[in-house]
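Below is one structure, written out as C-alpha cells; the observations come after it.
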Amino acid sequence: MFQKITLTTLIIAFVSCQKKETVEKDKIKKADWLIGNWENTSPDGILTENWEKVNDSTFNAASYFIKGKDTIHFENIILAQLGETLTYKATVKGQNDDKPVSFPSTSESDKQLVFENPKHDYPQKITYTKGANNTLTAEITGKLNGKPTTERFIMKKK
C-alpha cells in the first residue's frame with residue numbers, strides 16, 4: 001500500500017512539474033513574433049530594436065535611437081518568463097542608476113503584449129502590437145510631469 005501511495009505521489013508531482021513548465025514555455029511563445037530586427041526612420045532619427053531568443057524562457061533586445069552620429073537613447077531589454085508571469089525588464093543608460101525596471105505583463109496574445117508598472121515614473125505602460133505587412137507598434141504611456149502622455153513608434157521588420 002505504501003509503495004502505491006509513493007508511486008502515485010511521484011507521478012502526480014512529475015505531471016504537475018511538466019504542466020507548469022509547459023504553461024511557462026507557452027506563455028513566452030506568444031512573444032515569438034518579436035524576434036528580429038525592427039526599425040523606424042523619421043526626420044528625427046532612426047529607432048532600432050533588435051530582438052533575439054536567448055533560450056526557451058528568455059528574449060533579449062537592444063533598443064537605440066540615433067540622430068545623425070549621436071546615440072540619443074540606448075536601452076537593454078530582457079523579456080523573461082518568471083514563474084507564470086512574462087516580465088519586461090528595461091535598463092536605460094543614464095536612468096535609474098543603470099538598474100533594470102520591471103514591467104510584469106497584464107495581457108498577452110498572439111498579436112499584442114502589454115506590460116505595466118504603475119509605480120514607475122514614466123512610462124507606466126508598455127504595449128507591443130503586431131501589425132500587418134511586417135510592422136510592429138511600440139507604445140509607451142503614462143503620466144509625464146503630471147500630464148497623460150503617449151508615445152507611439154511604428155517599426156518595420158528589416
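Within the option set Thr150, Thr129, Thr135, being of a type in the set (Val, Ile, Thr), loosely packed, with under 15 Cβ neighbours inside 10 Å and under 23 Å from Lys29 (Cα atoms) holds for one residue only, Thr135.
Looking across segment 123-153, just one residue is more than 22 Å from Trp51 (Cβ to Cβ), modelled with pLDDT of 95 or more and not in a strand (DSSP E or B), and that is Gln124. Taking Leu86 as the residue in question, decide whether it is under 22 Å from Lys158 (Cα atoms) and either crowded, with 18+ Cβ neighbours inside 10 Å or touching a residue at least 24 places away in the same chain (Cβ under 8 Å) (or both). So Leu86 fails the test.
When Lys111 is tested against (1) within 20 Å of Met155 (Cβ to Cβ); (2) open to solvent by less than 30 Å² (accessible area, probe 1.4 Å), just one condition goes unmet, and that condition is (2). Quick one: in segment 41-76, which of the residues that are touching a Ser or Thr at 6+ places or on another chain (Cβ under 6 Å) and either touching a residue at least 60 places away in the same chain (Cβ under 8 Å) or within 26 Å of Lys27 (Cβ to Cβ) (or both) is surrounded by the most Cβ atoms within 10 Å (Cβ to Cβ)? For segment 41-76, the residue satisfying everything is Glu49.
The values are calculated or read from the model by the stated rules, or taken from the named source; none is laboratory data. Everything numeric in this text was worked out from a predicted model, so none of it was measured. Note that each Cβ is placed from the backbone with ideal geometry, even for glycine, and that neighbours are counted across all protein chains shown. Surface areas here come from the heavy atoms of the whole protein model, side chains and all, with no ligands, DNA or RNA. Shrake-Rupley method; radii C 1.70, N 1.55, O 1.52, S 1.80 Å.
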